[in-house]
Amino acid sequence: MANDKTAHWKDLLRNRLASAKPDGKTEEEKKAEETELFTKYYTDWKGGEKGEDDLFKHIPRFYYRLPAEDEVLLQKLREESRAVFLQRKSRELLDNEELQNLWFLLDKHQVPPTTGDEAMISYESFLKVGEQAGAKCKLFFTARVYAKLLHNDPYGRISIMQFFNYVMRKVWLHQTRIGLSLYDVAGQGYLRESDLENYILELIPTLPQLDGLEKSFYSFYVCTAVRKFFFFLDPLHTGKIKIQDILACSFLDDLLELRDEELSKESQESNWFSAPSALRVYGQYLNLDKDHNGMLSKEELSRYGTGTLTSVFLDRVYQECLTYDGEMDYKTYLDFVLALENRKEPAALQYIFKLLDMENKGYLNVFALNYFFRAIQEQMKIHGQEPVSFQDVKDEIFDMVKPKDPYKITLQDLVNSGQGDTVSSILIDLNGFWTYENREVLVANDTDSNTADLDDT
């Protein structure tokens, strides 16, 4: 019986195959048709699942190619559009007349009693002033701004002067950003070295404290000023600085402080951007350049400061820093000066650490410390002093830094310890080591002199 059924199914299959008409398509055509149908059904399925809204099908453009150098028309179009944009942004800022009007409205709506000499304003009056001040002021009259300036007033008020200073600061920041953006040739939110040089060069005539500078010195002044920005804000040497970083640091404040015609002598001497400071640095460079070739050899640089930098350290300077036939130019010298004059700053410590890390391991071990301190010991012998034991100094350095790894000191360990300036001075400068070694005596002498001054009065 089973055999009869099997024969029956075989006959049916043979008949079916015999009756089937060949479609005449090749294997490639069949595969192409299958792919086409699959694509059609898959696309319909995706569309059907997302619903009727087909906005998802269109990805917005997020990348705009910058014009090439030979695309002059596109470059001009980009420059003009950026200029129009910046002009529009500039018009959105408060001008002097509008700031005066804002101050008048704030003063008119002050709420008694005053706190000391400070006029105060409540939140209700704050909102009323916002309504009357105009559309440009709207962004300043928010609950967030009010809360930022709210301190310990028992009536929940804020200082009118503090609020006005806040507005002035914001307006100044936006004005400065627009001013810097005009020099951003690439339009990417950063300034290259040449861009910043142009900005400072055109800023010089607006700074009364620089009126005495000879025009022949302008290029050296600009170089001196620009190096500070790039030394501290471009530690990876990319050749460009974000405009946001320039605004966030205090350097621009120091530079624009030179607008003050009555700036004290002490303030000028402590300001890197002042005329006396720039002339001092450039004058030191000229005094070191004994052969007057405009460059500094290692021997000439050894006379820097008190002339007590070790020869081992100076060797590393000339190995790592950019030189021309073994001599240093003014720009490289400025980096050197900024590092040694600001040894507490992370950027300066990074500069010095790179010189101390001879094997580029990313850390200083006992061998590296001994290598540099041995030069200090040799200088002590030359000056008739008894050399200090390296073991004692090594233990003191590790105690000061307290590194995560008890056998290695990383750059981050130096920065975190707050003792990076002391450690670097001990290793590279005999005078710095002597100051550290005799710190207790020096403190005692200062105390005695201060006591004597008080007795005299």
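Values as computed for the structure displayed
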| item | result |
| --- | --- |
| Subset of the range 403-442 that is acidic (D, E) and out of contact with any Pro (no Cβ under 7 Å at 6 or more places or on another chain) - its residue that is most open to solvent (accessible area, probe 1.4 Å) | E440 |
| Residues being assigned to a helix (DSSP H, G or I), open to solvent by less than 100 Å² (accessible area, probe 1.4 Å) and within 16 Å of V171 (Cβ to Cβ) - total across the range 61-104 | 8 |
| Residue match in the range 240-263 (condition: within 27 Å of T435 (Cα to Cα) and free of Cβ contacts under 8 Å to residues at least 12 places away in the same chain) | no |
| Qualifying residue in the range 231-244 (condition: in a helix (DSSP H, G or I), in the same structural domain as L196 (by the TED database), closer than 20 Å to Q209 by Cα and open to solvent by less than 20 Å² (accessible area, probe 1.4 Å)) | no |
| Residue match in the range 131-147 (condition: among the polar types (S, T, N, Q), over 30 Å from A68 (Cβ atoms), in a helix (DSSP H, G or I) and touching a His at 6+ places or on another chain (Cβ under 6 Å)) | no |
| Selection count where residues are assigned to a helix (DSSP H, G or I), surrounded by 15 or more Cβ atoms within 10 Å (Cβ to Cβ) and either in contact with a helix residue (DSSP H, G or I) (Cβ under 6 Å, 6 or more places away or on another chain) or among the β-branched types (V, I, T) (or both), scope the range 206-222 | 5 |
| Residues being surrounded by fewer than 18 Cβ atoms within 10 Å (Cβ to Cβ) and of a type in the set (G, A, S) - total across the range 337-396 | 4 |
| Residue satisfying condition, being β-branched (V, I, T), outside the structural domain of T224 (by the TED database) and not in a helix (DSSP H, G or I), within set V393, V388 | V388 |
| Selected residue (criterion: farthest from D184 (Cα to Cα)) from residues of the range 30-79 that are at pLDDT below 85 and of a type in the set (S, T, N, Q) | T39 |
| Residue that is most open to solvent (accessible area, probe 1.4 Å) [pool: residues in the range 261-303 that are more than 29 Å from Y324 (Cα to Cα) and over 26 Å from the mean Cα position of the chain (by Cα)] | E262 |
| Number of the exception - F313 against (1) modelled with pLDDT of 95 or more; (2) in contact with a Leu (Cβ under 7 Å, 6 or more places away or on another chain); (3) open to solvent by 20 Å² or more (accessible area, probe 1.4 Å) | (3) |
| Top-ranked residue in the range 154-193 [being among the aromatic types (F, W, Y) and touching an Asp or Glu at 6+ places or on another chain (Cβ under 9 Å); ranked as surrounded by the most Cβ atoms within 10 Å (Cβ to Cβ)] | Y190 |
| Boolean, E197 is over 18 Å from the mean Cα position of the chain (by Cα), acidic (D, E) and within 26 Å of F217 (Cβ to Cβ) | no |
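The values are calculated or read from the model by the stated rules, or taken from the named source; none is laboratory data. What you see is a predicted model, and the numbers here were worked out from it, not measured in a lab. Here the Cβ is made from the backbone with ideal geometry for all residues, glycine too, and neighbour counts use every protein chain on show. Surface areas here come from the heavy atoms of the whole protein model, side chains and all, with no ligands, DNA or RNA. Shrake-Rupley method; radii C 1.70, N 1.55, O 1.52, S 1.80 Å.
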